[in-house]
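Scroll down for the structure; my scribbles are underneath it.
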Amino acid sequence: NPSQAEPIIATTISSQKQLFESGRELEIDQYFRSAVEERAELRKKVASKVKSFKAVFAVLDWSLRGDVPDAYAAAVDLLAECNAILISALQYFYLEYPKTPKGISQIDRDTKLDVLINGLARAQKLSAEARLKAVIQMAGAKRRVVKAAVIDAATLLVNRRNKKSVMTLLTWFASNKETDAYIRQYSQDALEDLV
């Protein structure tokens, strides 16, 4: 009976999808649990599995783990090997950013956004222009850590084609339009390094 087969097929597909998702999560777990010197070998393989928001957010969760050596750097390095999912994940995370769910501190959310911005800035599979455009969209952030990450990413992405855009962004952060004196100075220092 075909109608009886449909739930079995749906259940099988669902089970396969769960197995695939848990396999991907296991690879991400293995990457972070491996010795620091072994991660470089695993990075490309694991990054090829990071194709969903869920996987990106799993990496971000690992970046906060105090029991993992160099968790922040490992997360940035892993995300830097990823593709366009980073831009979508950054935009989604930023839009959801003001809505801090219960149980997650603002500091943890800031750190995750910092990791995501820094990973995106280093993602060589994406053009510098696409990465810079996504980073510039974060310029309206309210939190200091995120503003500093935007400044760092912009200075990392500067090239002769986009230097004017980067200089405009840094000039805005260095101006009196920016209310945070630390960020004004941080941006001014970045400007001086570029000139």
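Against the conditions (1) assigned to a helix (DSSP H, G or I); (2) surrounded by 19 or more Cβ atoms within 10 Å (Cβ to Cβ), Ile107 satisfies every one except (2).
Total residues in the range 42-81 satisfying the condition of being basic (Lys, Arg), closer than 21 Å to Ser105 by Cα and either surrounded by 14 or more Cβ atoms within 10 Å (Cβ to Cβ) or in contact with a His (Cβ under 8 Å, 6 or more places away or on another chain) (or both): the figure is 1. Could you please give the count of residues in the range 81-101 that are at pLDDT below 80 and assigned to a helix (DSSP H, G or I)? Here the count works out to 1.
Here is a yes/no grid of residues against (1) modelled with pLDDT under 95; (2) over 19 Å from Gln137 (Cβ atoms); (3) of a type in the set (S, T, N, Q):
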residue	(1), (2), (3)
Val166	no, no, no
Leu169	no, no, no
Ala174	no, yes, no
Thr179	no, yes, yes
Arg184	no, yes, no
Val195	yes, yes, no
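One line per residue, one yes/no per condition, for (1) closer than 25 Å to Thr179 by Cα; (2) of a type in the set (A, V, I, L, M, F, W, C):
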{"residue": "Asp110", "(1), (2)": "yes, no"}
{"residue": "Asn118", "(1), (2)": "yes, no"}
{"residue": "Glu129", "(1), (2)": "no, no"}
{"residue": "Ile151", "(1), (2)": "yes, yes"}
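Between Arg161, Arg131, the distinction of being of a type outside the set (Phe, Trp, Tyr), surrounded by 13 or more Cβ atoms within 10 Å (Cβ to Cβ) and out of contact with any Pro (no Cβ under 9 Å at 6 or more places or on another chain) belongs to Arg131 only.
Checking Ala89, Ala84, Ala55, Ala80 one by one, the residue that is touching a residue at least 24 places away in the same chain (Cβ under 8 Å) and in contact with a Phe, Trp or Tyr (Cβ under 6 Å, 6 or more places away or on another chain) is Ala89 and no other.
The values are calculated or read from the model by the stated rules, or taken from the named source; none is laboratory data. From a predicted model like this one, the values you see are computed outputs, not experimental measurements. Every residue, glycine as well, gets a Cβ built from its backbone with ideal geometry; the counts of neighbours run over all protein chains shown.
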